[in-house]
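In what follows, a structure is listed as structure tokens, so that the remarks can point back to it.
The values are calculated or read from the model by the stated rules, or taken from the named source; none is laboratory data. Just so we're clear, the structure is a prediction, and the values are computed from it rather than from any experiment. Because the Cβ atoms are built from the backbone with ideal geometry, glycine has one as well, and the counts that use them run over all protein chains shown. For the accessible areas, the whole protein counts, side chains as well, though only heavy atoms, and no ligand, DNA or RNA atoms are used. Shrake-Rupley method; radii C 1.70, N 1.55, O 1.52, S 1.80 Å.
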Amino acid sequence: MKKLFLMAVMCVMTMSAMAQIKSVDVKANLRGDFGLGVGITMPILENIDFAPNFNYYFSDGTVFTIDGDFHYNFELDQNWTVYPMVGLLWFHWAPEIGSDYNKIGANVGAGARYSINSQWSAFAEAKYQWVSDFDETFFSLGVNYKF
């Protein structure tokens, strides 16, 4: 398990080294339990961003996801951006008693971002995760630090 986790972290780090990072994101995830997430946002095309992130949930046992979402950005005015999102995720749950669950799933959702100044913005997202036996809707609130 540790090797798989280390490999996933190395993949995210390699992707960030190969692409220009637009921002670093920190968020709180609200669903059946509470989680914290950290990620990066990288521009792919003019209005499309790729946003890989790691989310850890405070639950029974160990629960985390590694998501890779694509955002299509609609600039509403100087400060507001809205975006639909789709992506893939890896879901891991290791209950205190029993077998580990490792599943691949898909994300679909939408978000809105408000630019506070040239470097900081706040965002809110709603996302549905399709994971066999672990489907979940959740909301995220967070901040971005832009480079």
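Looking across I66, I104, I40, I48, one residue alone is out of contact with any Gly (no Cβ under 9 Å at 6 or more places or on another chain), modelled with pLDDT of 95 or more and farther than 26 Å from W120 by Cβ. It is I104. Just one of the numbered conditions (1) out of contact with any strand residue (DSSP E or B) (no Cβ under 7 Å at 6 or more places or on another chain); (2) without any contact (Cβ under 8 Å) to a residue 24 or more places away in the chain is not true of G68: (1).
V24 passes all but one of (1) out of contact with any helix residue (DSSP H, G or I) (no Cβ under 7 Å at 6 or more places or on another chain); (2) farther than 17 Å from F147 by Cβ; which number fails? With (1) out of contact with any helix residue (DSSP H, G or I) (no Cβ under 7 Å at 6 or more places or on another chain); (2) farther than 17 Å from F147 by Cβ applied to V24, the lone miss is (2). Among all positions in the stretch 65-77, there is at least one residue which is β-branched (V, I, T), surrounded by 18 or more Cβ atoms within 10 Å (Cβ to Cβ) and closer than 18 Å to S132 by Cβ.
Name the pairs whose Cβ atoms lie under 7 Å apart, with the first residue in the stretch 134-145 and within 11 Å of G37 (Cβ to Cβ), the second outside any strand (DSSP E or B) and open to solvent by 10 Å² or more (accessible area, probe 1.4 Å), and 6 or more positions between them or separate chains? Matching pairs, first to second residue: F138/R31.
Only one of the listed residues (Y57, Y145, Y128) is surrounded by 19 or more Cβ atoms within 10 Å (Cβ to Cβ) and among the aromatic types (F, W, Y). That residue is Y57.
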